[in-house]
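Notes follow once the structure below has been shown.
The values are calculated or read from the model by the stated rules, or taken from the named source; none is laboratory data. Keep in mind that what you see is a predicted model, and the values were worked out from it rather than measured. Heads up, the Cβs are rebuilt from the backbone with ideal geometry, glycines too, and the neighbour counts pull from every protein chain shown. Heavy atoms of the whole protein, side chains included, go into the accessibility calculation; ligands, DNA and RNA do not. Shrake-Rupley method; radii C 1.70, N 1.55, O 1.52, S 1.80 Å.
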Amino acid sequence: MNNKDIAEIRKQFKMDTDLLKIADIYNVYIKQESSDIFYEESRTFSLLDREQQELFLANFKKVLGGKLDVKLFDVKFQRQGEGQTDHTQRLLFEGLHADDVGEWKAGMQRIALKMVQDSQYEKDIVITFIRGNYYKTTKRHPDETEIDDRDEVYTTPFILSSMNQTELPKRSLVFDFVEKEFKSSLLADPVIKLATPIGGFLFPSFTDNAADINHVLYAASKANKPDFQFIENVLNGNEIMTAEEDKAVFEEIVKAVIGDEVNSKTLAGVYDEINNMLLVEKEGEDEVGSTPTLDSIEVARVLKASGVKDVSTEKVEMAFQQVVEDKNYEMKASHVVPSYASKSIKISTKVANIAISPQDLRYVKQINYNGKRCLLIEVEEDTMIEGFKLLPEELLE
């Protein structure tokens, strides 16, 4: 799955759309520090009152919020063992195609129990499962009308799950209009925090309208903080790497090849080369498999193109082996350097932290001036500080 696929299905979690239909909803209430189901409820989603539907739809949209490999992760299932009946991939696939709602509910119940089997939650939680169909229209030609556009759609059956904590409302002073007196509120019903889900997943994953039952889209509670135990034990998924971890791996590999000292021109060249890969990805974003990756061969090419001397694929492979113990490891280019259009990189000093666009790094240099190390930034216009124009100092010798 890519960010575009996720964004397109996410925006369909709204009322009165004909591109996403939810058939069934199954809610499970589990009390804190318990591994048993306290209460469960299975209903037809359309029979919920409109306010409940709106609350749940907003919750499902929240589950799919965030960027891929930062808060959302395309997880590949582990291979199923012979005779393994509780593998999550099997339970989801059978539940997706079960004609009987009871069969679907039974499968989701087994997944819910796996969620609390090895984890004790500090608060009561509600686990919600839905299943339905997502319809994506084909690309419309210039001579077609919107009605023609809806004549042909791709249909993807799906199951989505969300996990939500509960909390008791705070006690407060209220006025009783019937008894005409002030009293403490006696409300004790737990509030389900649908606005802040703590996890979830979407099955199957899909790319370019093709469902992939070998992958599930996992949603973490916080950016770059996936629950690895949940991925392995509940989803039965393979190990994943976050974008943050990939970036750290790249930095360590480059240090292993060229050392931890580098000039700004070389570093700017590295960013330029990788950003060019991202630009090619953007131009071909509708093509399957267009996501650029950095393996040992590509890292060697990037370093050579950036002016680094004495670089060979063999040397880079040794660095891969040293850092990740796998010379065939691949990193997504988008993890390694931020897009020029959206983010900046940080220059850290004792005096100040400076944020700068990657393409402008070439204008930054470290120099010695009057026996002191200084950071020199080449500018083409007047420098403004809090509305004041900065006067130039004496020319550097």
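Among W104, H335, T138, whose Cα projects farthest towards the positive end of the dipole of the chain, with charges put on the beta-carbon of Lys, Arg (+1) and Asp, Glu (-1)?
H335
Within the chain, what whole-number % of the accessible surface is contributed by carbon and sulfur, with the 1.4 Å probe and all protein chains included in the calculation?
49
Can you give the local net charge around I30? Use residues other than it whose beta-carbon is closer than 9 angstrom to its beta-carbon, Lys and Arg +1, Asp and Glu -1.
That sum, taken over residues with Cβ under 9 Å, equals -1.
Taking the Cα centre of each part, how many Å lie between the range 1-24 and the range 73-125?
What the calculation gives is 22 Å, centre to centre.
What distance in nm separates the simple spin-label points at N3 and E54, each placed 7 Å from Cα in the Cβ direction?
Calculated label separation equals 3.1 nm.
Using the Cα gyration tensor of the range 33-117, with a ≥ b ≥ c the square roots of its eigenvalues, what is the shape: rounded (a/c below 1.5), prolate (a/b larger than b/c) or oblate (neither)?
In terms of gyration-tensor shape, oblate.
Can you tell me the FRET efficiency between T44 and T137 if r is taken as the Cβ-Cβ distance and R0 is 35 Å, rounded to the nearest 0.05?
Efficiency, from the Cβ-Cβ distance: 0.85.
Using r as the Cβ-Cβ distance of E167 and N263, and R0 as 45 Å, what FRET efficiency do you calculate, to the nearest 0.05?
Computed FRET efficiency for E167 and N263 comes out at 0.25.
Using a 1.4 angstrom probe, figure out how much accessible area the range 1-150 has per residue, in square angstrom, rounded to the nearest whole.
Accessible area per residue: 55 Å².
Rank Y134, Y363 by accessible area, highest first, at a 1.4 Å probe radius?
On the way: Y134 10, Y363 80 Å².
My answer, sorted largest first, is Y363, Y134.
Per residue, how much accessible area does the range 193-334 have with a 1.4 Å probe, in Å²?
Heavy-atom SASA per residue in the range 193-334 reads 52 Å².
Over the residues of the range 155-239, compute the C-alpha Rg and express it relative to 2.2 N^0.38 Å.
In units of the globular-protein estimate, the range 155-239 measures up at 1.74.
How charged is the neighbourhood of P226? Take every other residue with its Cβ under 15 Å from the Cβ of P226, and add Lys/Arg as +1 and Asp/Glu as -1.
Taking every other residue near P226 into account, the sum is -3.
Could you estimate the translational diffusion coefficient of the range 38-84 from the Stokes-Einstein equation, with Rh from the Kirkwood formula over C-alpha pairs, at 4 °C and 1.567 mPa s, in whole µm²/s?
Taking Rh from Cα pairs, D becomes 90 µm²/s.
Using 1/(1 + (r/R0)^6) with R0 = 41 angstrom and r between the beta carbons of Q32 and E380, what's the FRET efficiency to the nearest 0.05?
Efficiency, from the Cβ-Cβ distance: 0.10.
For the chain, would you read off the P(r) tail past 31 Å as a percentage of all alpha carbon pairs?
53
Solvent-accessible area of S264, probe 1.4 Å, all protein chains present, reported in Å² to the nearest ten, please.
In the full protein context, S264 sits at about 30 Å².
Tell me, what is the 1.4 Å probe accessible area of Y329, in Å² to the nearest 10?
Roughly 40 Å² of Y329 is accessible to a 1.4 Å probe.
Heavy atoms only, 1.4 Å probe, whole protein assembly: order I354, I377 by accessible area, highest first.
The most accessible residue leads, giving I377, I354.
Top to bottom by accessible area (1.4 Å), largest first, where do H335, H97 land?
H97, H335
Using a 1.4 angstrom probe and counting only protein chains, how large is the accessible area of T156 in Å², to 10?
Roll a 1.4 Å probe over it and T156 shows about 10 Å².
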